[in-house]
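Participant: Below you'll find the structure I mean.
What follows draws every value from the coordinates through simple rules; no lab data is involved. Keep in mind that what you see is a predicted model, and the values were worked out from it rather than measured. Please note: Cβ atoms are built from the backbone with ideal geometry, for glycine as well, and neighbour counts cover all protein chains shown.
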Amino acid sequence: MFPHFLTSQVNQPKDPETIAFVQSIESISLATSLSQHPILTTYIKKGSGETPILLLHGFDSSILEFRLLLPLLAAQNETWAVDLLGFGFTQRLKEINYSPTTIKIHLYNFWKTLINRPILLVGASMGGATAIDFTLTYPHVVKSLVLINSLGYTSSPVFTKYLFPPFDFLAVEYLRQRHIWALKLYRKLPNLDPKILLAIQCAMLHQEMPLWHDAMIDYVKTGGYSNLADRIAKVEKPTLILWGEADDMLPLEDAEKFQRFIANSQLIKLKNCGHAPQIEQPQITSQHILKFLNKCNF
C-alpha cells in the first residue's frame, strides 16, 4: 500500500524498486515556529551507523531523486532523506513564506526532532546550497559536508524576484508542463529506455500536491540562494565535492570555485555524468560518499 498522504499518482511508476521506495516513505507532524499548525513532513530513514547521513534534494524535486542512492548508502550506514519545506511531498501551508530562511528553520526542527546527532549532510543541486546555508547557520549539527553538482555560485536570474500575476503563475506552470510534454514525447518514441520514462514520472509526482504553485511562486520570488556566494568561503567543515563533468546546467568552473574557496575540501570529477550523479551513477556516488564518511569518522 502507498502512504495515504502522497498524491494519488504515485502508483504510476511500475519499477519494483521505486514502488518499494515510495511505500517506505514516512511522515511526521512537525512542530515549528513557522506556523501554529504542525507541518506534515515526508522523509525516509533506513540503515544504522555512527554518523547519520542526511540527503537534501534539488529544486522542484523530492526524496524520489534518491531512490537509487539511498538504499546503497543505507546498506552500510544510517541514511535519511527529507522533503524540504515547500518541495516534494511535505505539506504546504498558506500562512508560511517559502524561502531559504524558512527552509533551514524547518530542516533544523526535523533534525532536532528525529535525528539529534551530528550528521554528514549531502546536498544535490539546490540542496547543496541549502546544505551550505544550513551548515553556516547550525555548525554544531553538521560534522561534514558533501556537495553534488551544487548550486552556490550560479544563481537564478534576477528578474524572477519581480514576477507578478499572472506571469508568476505561468512561469511556475511551465516547470510542470515541460514534464508533461516530455512524458508524452518519450512515450511515443520506439525503443524507449524505461529509465528515462521512470525519471520523468518521479520528477513530476510531487507537482500534484496541494499548493504546489503557491509555494513555488513564493520561493522563486525570493531569488533563492542568490546571496550565498560570498559566504561559501566561511565553510569550515570537511567537504567532498562530487561533480558530473557533463553537467549542462551548472558550469564545471563552479566545482573548482568550491574547491578553491572551501579550505578543507576535495573535488572528485565524475566522467560521463551530468547534473544528477545520484541518479546517473548511484553506485560510484555512494562509494565516494561512504569512503569520505569513513575518513571523517577517524
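Participant: If Lys and Arg each add +1 and Asp and Glu each add -1, what is the summed charge of the other residues whose beta carbon sits under 12 Å from the beta carbon of Ala246? Before the final figure, lay out each step's value.
Facilitator: Numbers: positive: Lys269, Lys271; negative: Glu245, Asp247, Asp248, Glu280.
Value of the local net charge: -2.
Participant: What's the magnitude of the charge dipole for region 1-154 around its Cα centre, counting Lys and Arg as +1 and Asp and Glu as -1 at the beta-carbon? Answer in Debye, nearest 20.
Facilitator: Working: 10 positive and 10 negative charges, 42 e Å.
I would put it at about 200 debye.
Participant: Could I ask something else about it? Lysines within cross-link reach of Lys94: Cα-Cα under 29 Å, excluding same-chain residues under 8 positions apart?
Facilitator: Reachable lysines: Lys45, Lys104, Lys112, Lys161, Lys221.
Participant: If you don't mind, another one. Compute the signed sum of charges (Lys and Arg +1, Asp and Glu -1) over the other residues within less than 11 Å, Cβ to Cβ, of Leu228. Spell out each step's value before the answer.
Facilitator: Working: positive: Arg231, Lys234; negative: Asp133, Asp230.
Once positives and negatives cancel, what remains is 0.
Participant: Another question, if that's okay. Which whole-number percentage describes the relative contact order of region 201-298, with Cα contacts under 8 Å and a sequence gap of 6 or more?
Facilitator: Numbers: 87 pairs, mean separation 24.3, N = 98.
In percent, rounded to a whole number, it is 25.
Participant: As a check on your grasp of the helix formula, calculate [θ] at 222 nm for the chain: sum -39500 (n - 2.57) over DSSP H runs of n ≥ 4, divide by the residue count, round to the nearest 500.
Facilitator: Numbers: 10 runs with 111 residues, N = 298.
Helix-only estimate at 222 nm: -11500 deg cm²/dmol.
Participant: Note the full-extension length gain between Ala20 and Asn227 as 0.36 nm times their separation in residues minus their Cα-Cα distance, in nm to one decimal. List each step's numbers first, then the result.
Facilitator: Numbers: separation 207, 0.36 × 207 = 74.52 nm, distance 3.86 nm.
Gain on stretching Ala20 to Asn227: 70.7 nm.
Participant: For the residues Leu64, Leu6, what sequence is obtained by ranking on other C-beta atoms within 10 Å, fewest first?
Facilitator: On the way: Leu64 29, Leu6 21.
So the ranking, lowest neighbour count to highest, is Leu6, Leu64.
Participant: Here is a further query. Restricting to the chain, what percent of DSSP beta bridges are antiparallel, rounded to 5?
Facilitator: Roughly 25 percent of the beta bridges in the chain run antiparallel, per DSSP.
Participant: Could you tell me which of Pro71, Ile105, Leu84 has its Cα farthest along the dipole of region 25-117 towards the positive end, charges placed at Cβ (Lys, Arg +1; Asp, Glu -1), taken about the Cα centre?
Facilitator: Ranked along the dipole, the leading option is Ile105.
Participant: Moving on. In which sequence would Phe261, Phe134, Phe110 go, from the one with the fewest C-beta neighbours within 10 Å to the one with the most?
Facilitator: Neighbour counts put them in this order, fewest first: Phe261, Phe110, Phe134.
Participant: What GluC sites (Glu not before Pro) does region 1-65 have in DSSP loop regions with at most 16 other beta carbons within 10 Å? Don't skip to the end; give the middle numbers.
Facilitator: Working: sites: Glu17, Glu26, Glu50, Glu65; in loops: Glu50.
Hits after loop and neighbour filter: Glu50.
Participant: Give me the percent relative contact order of the chain, please, defined on Cα pairs under 8 angstrom at least 6 residues apart.
Facilitator: On the way: 547 pairs, mean separation 57.4, N = 298.
It rounds to 19 percent for the chain.
Participant: Under 19 Å Cα-Cα from Lys46, which aspartates and glutamates qualify once same-chain neighbours fewer than 8 residues away are excluded?
Facilitator: Glu17, Glu26, Glu65, Glu78, Asp83
Participant: Among Val142, Val122, which comes first, second and so on when ranked by fewest other beta-carbon atoms within 10 Å? Could you put the intermediate results ahead of the total?
Facilitator: Numbers: Val142 22, Val122 31.
Fewest-to-most ranking of Val142, Val122: Val142, Val122.
Participant: What is the sum of charges, Lys and Arg at +1 and Asp and Glu at -1, for the other residues whose Cβ falls under 13 Å from the Cβ of Leu56? It would help to have the intermediate numbers written out before the result.
Facilitator: Values: positive: Lys104; negative: Glu65, Asp83, Asp133.
Neighbour charge sum, excluding Leu56 itself: -2.
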